[in-house]
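A short worksheet on the structure shown next.
The values are calculated or read from the model by the stated rules, or taken from the named source; none is laboratory data. All values derive from a computational prediction rather than experimental measurement. Cβ coordinates were reconstructed from backbone atoms using ideal geometry, including for glycine residues, and neighbour counts include every protein chain displayed. Just the protein is used for accessible areas: all its heavy atoms, side chains included, with ligands, DNA and RNA removed. Shrake-Rupley method; radii C 1.70, N 1.55, O 1.52, S 1.80 Å.
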Amino acid sequence: MRVLALDTTTRAGSVALVDDRRLIAERAGDATRSHAERLPTDLLSLLAEAGLTLTDVDLFAVAAGPGSFTGLRTGIATIQGLALVSRKRIVPVSILDALAQTAGQARREGVLVAAWMDAHRGEVFSALYRVTGALAFTPARLIELEAPAVGDPDTVLRRWAALHGEIDAFIGRSEEHTSELQSPEV
């Protein structure tokens with residue numbers, strides 16, 4: 001199954017093409033230009049580079065938040081338009097879930113994974129998960145311990161420590177990049 005994915009939660013955003021769990025191509029967006037200036041060209045260019053067209057896409061995935069309201073609105077509208085024209089399904093994806101899936105993919109069962117991203121104004125969007133024994137990148141792989149929320153980073157960290165103890169893996173995202181911070185081998 002070919003999936004064309006779009007993330008507009010940050011200024012740069014990104015596009016990706018996956019075929020049966022194998023990444024075909026991905027590209028970060030140009031943060032100096034708005035999503036409205038770059039879309040849908042970024043998506044169509046990625047497909048063309050892979051030698052494909054919209055008719056070759058089986059499913060569209062779009063970041064559904066949290067993130068920039070304007071970016072989300074532009075991304076979702078772009079994907080809705082492409083899906084309508086090609087008569088294909090759309091799946092919304094939580095960026096915090098996606099980050100946690102990435103951090104938890106090779107972790108053992110029971111590990112705590114924290115995901116957060118810059119919400120600006122000194123706050124973060126955050127969520128906390130526990131890894132299960134299910135296959136990586138499946139919905140059953142993570143159990144949500146704390147639903148997505150927005151708050152002060154220090155307050156979030158203190159709450160997690162008080163309620164759940166030590167966090168085994170931490171993944172975060174800023175406007176500039178995604179990074180993973182983790183404790184030694186877990």
Within the stretch 107-125, of all residues that are under 17 Å from residue 165 (Cβ atoms) and in contact (Cβ under 8 Å) with a residue 60 or more places away in the chain, the one most open to solvent (accessible area, probe 1.4 Å) is 108
Pairs where the first residue, in the stretch 91-106, is farther than 21 Å from residue 1 by Cα and the second is open to solvent by 60 Å² or more (accessible area, probe 1.4 Å), C-beta under 6 Å, 6+ apart: 96/148; 103/180
Of all residues in the stretch 126-148, count the ones that are modelled with pLDDT under 95 and either among the polar types (S, T, N, Q) or open to solvent by 30 Å² or more (accessible area, probe 1.4 Å) (or both). 4
Residue list for the stretch 149-176, filter: assigned to a helix (DSSP H, G or I) and surrounded by 11 or more Cβ atoms within 10 Å (Cβ to Cβ): 153, 155, 156, 157, 158, 159, 160, 161, 164
Got a number for residues in the stretch 57-88 being of a type outside the set (A, V, I, L, M, F, W, C), touching a helix residue (DSSP H, G or I) at 6+ places or on another chain (Cβ under 7 Å) and over 30 Å from residue 151 (Cα atoms)? 1
Mind checking which helices (runs of 4 or more DSSP H) fall wholly inside the stretch 1-91 and carry at least 3 residues that are surrounded by 15 or more Cβ atoms within 10 Å (Cβ to Cβ) and of a type in the set (S, T, N, Q)? 69-86
